[in-house]
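J.: Before we start, here is the structure in question, set down as structure tokens.
The values are calculated or read from the model by the stated rules, or taken from the named source; none is laboratory data. The structure presented is a predicted model; accordingly, all values stated were derived computationally and were not measured. Neighbour counts are summed over all protein chains in view; Cβ atoms, including those assigned to glycine, are modelled from backbone coordinates with ideal geometry.
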Amino acid sequence: MSPAPAESFWDLSLLGIFLLGLVFLGSAIWALSWSRRSGQFDDLERDSRSIFDADEPEGVVQDRFPQ
Amino acid sequence: MSSPSVQNILNRHNPLAEGNLSRVAQIDRSLRSPVVFFTVMAALWLVIGSIFGVISAIKLHIPEFLNIEALTFGRSRTLHLNMVAYGWSFNAIFAVSIWLMHRLSRAELRNGWVPILGGIGWNLTLVYGMFAIAGGQMTGVEWLEMPREVAPVLGVCFLLIGLWSVVAFSRRQTTHVYVSQWYILAAMFWLPILYLVAQMMILWFPARGTVQAITNWWFGHNAIGLFLTPVGVASMYYFIPKVLGRPIHSYYLSVVGFWTFALFYNWAGIHHLLGGPVPVWLQSAGIVASVMMVIPVLVTAINFHYTTTSSQAWGAIWGSPTLRFTVFGAMNYTLSSFAGSLMALRDVNAVTHFTNFTIGHAHHGMHAFLTMALFGAFYFILPRLAQREWPSAAMIHLHFWLCAIGTIGYVVVMSIHGWMQGMQWNAAVMTPAQIAAAAEPWNYARTICGSLMTLGHIVFCAHVLWMLAPRAEKRQGPTLFAR
């Protein structure tokens with residue numbers, strides 16, 4: 001007996017979701033390997049200071065209550 | 001941590017005094033229209049959504065309150081959830097993520113009309129969705145109650161908005177990708193997939209049986225965990241070190257935190273169905289993932305704790321609207337996440353499931369953590385975009401105390417009562433009517449706490465509108481400080 005149309009549709013969908021899951025996992029692995037290759041982990045001490053610049057430098061409190 | 005004189009600060013941040021705009025001021029200026037648009041939309045939805053929350057809470061002890069069809073408990077409570085989730089949280093996160101991504105990428109926003117177009121579409125579609133819910137056209141699937149025809153429109157609008165964070169990243173002028181950028185990029189990548197799969201498997205081509213429920217909670221929990229939470233955490237990882245002027249305690253740990261977060265969070269949603277008719281191995285996997293979430297949360301907690309504890313930091317935190325709200329949010333991120341891990345244990349869940357404990361936990365995460373952290377972000381961002389100082393320190397204090405007391409009170413009330421409810425139900429000594437009657441004082445307390453939060457939201461919204469009003473005093477410079 002051939003499966004009902006709905007069942008064969010779900011077999012296909014399951015395959016699609018499985019592939020989507022693989023893409024998900026693959027993208028995470030790629031992102032992690034990219035960040036290692038591009039030197040994201042080379043000097044974390046320096047990179048933690050990347051949010052500061054000449055306009056908003058390290059060591060200066062940047063926000064206060066208005067008076 | 002030095003405290004420069006006010007004149008120094010104003011000179012440094014006064015672009016006109018220097019004759020040309022600083023890099024930061026140029027970026028902020030390019031971001032002004034879309035970020036202000038999303039902020040105002042978010043604030044308006046927050047007020048309306050909170051009012052529906054209070055209406056729902058009142059109905060629990062005065063059932064005949066506003067007794068019309070469109071405001072029955074099932075509808076008003078659903079309106080509350082959808083308005084604060086898709087109206088407030090999403091709009092606020094669009095604003096904060098667009099701003100953070102451009103700031104961190106050192107890139108100016110180009111073609112700002114695209115995210116605004118997406119935002120107009122998003123908000124108009126929400127209005128349609130809310131009227132549909134009020135009219136009884138809801139789907140009955142939690143977190144996806146709006147009729148299914150809104151999904152394609154919301155999806156396209158999301159892409160128009162979310163894409164701009166990705167565009168900012170692709171045009172970055174920096175070599176290092178800061179941890180906040182990782183969180184935001186991941187959120188913008190994850191949500192469309194979650195939304196697409198959930199819509200397809202539940203509303204368009206419904207899967208059969210419990211697979212629908214599994215998909216529902218995979219989506220519902222991940223909309224929080226893989227979209228709202230990462231942007232909240234990204235915001236805290238930026239503003240705490242930024243405002244204090246000192247780098248994060250252990251940047252290494254923050255990277256570990258991101259990757260463990262990405263690995264574990266998406267499995268956890270199944271803990272909503274513990275004890276339900278779904279395969280036990282799936283429930284166990286959900287429990288393991290929920291408990292493993294202790295790792296990224298602990299990492300974040302250690303980092304924030306050691307960044308904010310020093311001899312001078314406390315004064316800076318208490319004296320800064322941004323940090324007062326953000327650190328409050330960070331503390332509650334830790335607490336609510338640990339509570340969530342505990343609630344996923346079978347023995348604990350047997351008591352807390354279906355009780356007010358869960359609702360308290362939801363507000364702990366969505367309000368005490370996320371909403372407070374987003375408030376903190378807005379207190380930093382808006383003055384720099386509007387080039388105006390916040391008009392009233394008193395309103396910020398009022399906003400903080402109303403929300404802080406309201407939200408902590410709510411979580412405490414709901415947790416205590418939820419635990420009592422669970423014990424009463426499990427013991428099967430009292431009748432359901434007796435258990436419901438015993439809830440009455442707790443329901444009053446819930447309304448009071450919810451009202452405090454709502455008042456706080458009204459203060460915030462009014463303050464935002466006052467600040468942006470054309471007649472408000474305009475001051476020079478991209479960043480403003482104590483006068």
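J.: If you check B:Ala198 against the conditions, is it part of a helix (DSSP H, G or I) and either more than 12 Å from every other protein chain (Cβ to nearest Cβ) or under 27 Å from B:Phe375 (Cβ atoms) (or both)?
T.: Spelling it out, it is not the case that B:Ala198 is part of a helix (DSSP H, G or I) and either more than 12 Å from every other protein chain (Cβ to nearest Cβ) or under 27 Å from B:Phe375 (Cβ atoms) (or both).
J.: Got a sec? Which of B:Leu104, B:Leu109, B:Leu100, B:Leu79 is in contact (Cβ under 8 Å) with a residue 40 or more places away in the chain, of a type outside the set (Val, Ile, Thr), surrounded by 23 or more Cβ atoms within 10 Å (Cβ to Cβ) and more than 25 Å from B:Gly155 (Cβ to Cβ)?
T.: Of the residues listed, the single one that is in contact (Cβ under 8 Å) with a residue 40 or more places away in the chain, of a type outside the set (Val, Ile, Thr), surrounded by 23 or more Cβ atoms within 10 Å (Cβ to Cβ) and more than 25 Å from B:Gly155 (Cβ to Cβ) is B:Leu104.
Yes/no matrix, rows are residues, columns are (1) more than 13 Å from every other protein chain (Cβ to nearest Cβ); (2) within 28 Å of B:Tyr252 (Cα to Cα); (3) assigned to a helix (DSSP H, G or I):
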| site | (1), (2), (3) |
| --- | --- |
| B:Glu145 | yes, no, no |
| B:Cys157 | yes, no, yes |
| B:Gly162 | yes, yes, yes |
| B:Phe169 | no, yes, yes |
| B:His176 | no, yes, no |
| B:Ala187 | yes, yes, yes |
| B:Leu203 | yes, no, yes |
| B:Pro206 | no, no, no |
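J.: OK, next. Can you name the number of the only condition in (1) in contact (Cβ under 8 Å) with a residue 12 or more places away in the chain; (2) out of contact with any His (no Cβ under 8 Å at 6 or more places or on another chain) that B:Trp259 fails?
T.: Single failed check for B:Trp259: (1).
J.: Out of the residues in segment B:303-343 that are β-branched (Val, Ile, Thr) and part of a helix (DSSP H, G or I), which is surrounded by the fewest Cβ atoms within 10 Å (Cβ to Cβ)?
T.: For segment B:303-343, the residue satisfying everything is B:Thr334.
J.: On to the next question. Out of all the residues in segment B:231-259, which are more than 8 Å from chain A (Cβ to nearest Cβ) and farther than 20 Å from B:Leu370 by Cβ?
T.: B:His249, B:Ser250, B:Leu253, B:Val256 - these are the residues of segment B:231-259 that are more than 8 Å from chain A (Cβ to nearest Cβ) and farther than 20 Å from B:Leu370 by Cβ.
J.: Any idea which of (1) touching a His at 6+ places or on another chain (Cβ under 8 Å); (2) within 14 Å of another protein chain (Cβ to nearest Cβ) is the one B:Trp401 doesn't satisfy?
T.: (1)
J.: Please count how many residues of segment B:208-221 are within 12 Å of chain A (Cβ to nearest Cβ) and small (Gly, Ala, Ser).
T.: 1
J.: Please count how many residues of segment B:260-271 are more than 14 Å from chain A (Cβ to nearest Cβ) and surrounded by fewer than 23 Cβ atoms within 10 Å (Cβ to Cβ).
T.: 0
J.: Among (1) within 27 Å of B:Arg103 (Cα to Cα); (2) more than 10 Å from chain A (Cβ to nearest Cβ); (3) not in a helix (DSSP H, G or I), there is one condition B:Phe354 misses while meeting the rest; what is its number?
T.: (1)
J.: Would you check which residues across segment A:46-67 are more than 7 Å from chain B (Cβ to nearest Cβ) and part of a helix (DSSP H, G or I) and list them?
T.: Residue satisfying the conditions is A:Arg46 alone.
J.: Suppose we filter B:Arg384, B:Arg388, B:Arg471 for residues that are of a type in the set (Lys, Arg) and crowded, with 22+ Cβ neighbours inside 10 Å; which single one remains?
T.: B:Arg384
J.: I'm trying to understand the selection: among the residues of segment B:144-168, which are closer than 30 Å to B:Tyr238 by Cα and at pLDDT 95 or above?
T.: Listed by number, the residues that qualify are B:Leu154, B:Gly155, B:Val156, B:Cys157, B:Phe158, B:Leu159, B:Leu160, B:Ile161.
J.: So is B:Met236 among the aliphatic types (A, V, I, L, M), crowded, with 23+ Cβ neighbours inside 10 Å, touching a residue at least 60 places away in the same chain (Cβ under 8 Å) and not in a helix (DSSP H, G or I) or not?
T.: no
J.: Please work out which residue is surrounded by the fewest Cβ atoms within 10 Å (Cβ to Cβ), limiting yourself to segment A:19-45 and to residues that are polar (S, T, N, Q) and facing chain B (nearest Cβ under 9 Å).
T.: Here the residue is A:Ser38.
J.: Give just the number: which of (1) surrounded by fewer than 18 Cβ atoms within 10 Å (Cβ to Cβ); (2) at pLDDT 95 or above; (3) part of a helix (DSSP H, G or I) does B:Met130 not satisfy?
T.: Just one mismatch for B:Met130, condition (1).
J.: Only one residue in B:Thr307, B:Thr322, B:Thr358, B:Thr300 is under 21 Å from the mean Cα position of the chain (by Cα), of a type outside the set (A, V, I, L, M) and closer than 25 Å to B:Ile27 by Cβ, so which one is that?
T.: Of B:Thr307, B:Thr322, B:Thr358, B:Thr300, the one residue that is under 21 Å from the mean Cα position of the chain (by Cα), of a type outside the set (A, V, I, L, M) and closer than 25 Å to B:Ile27 by Cβ is B:Thr322.
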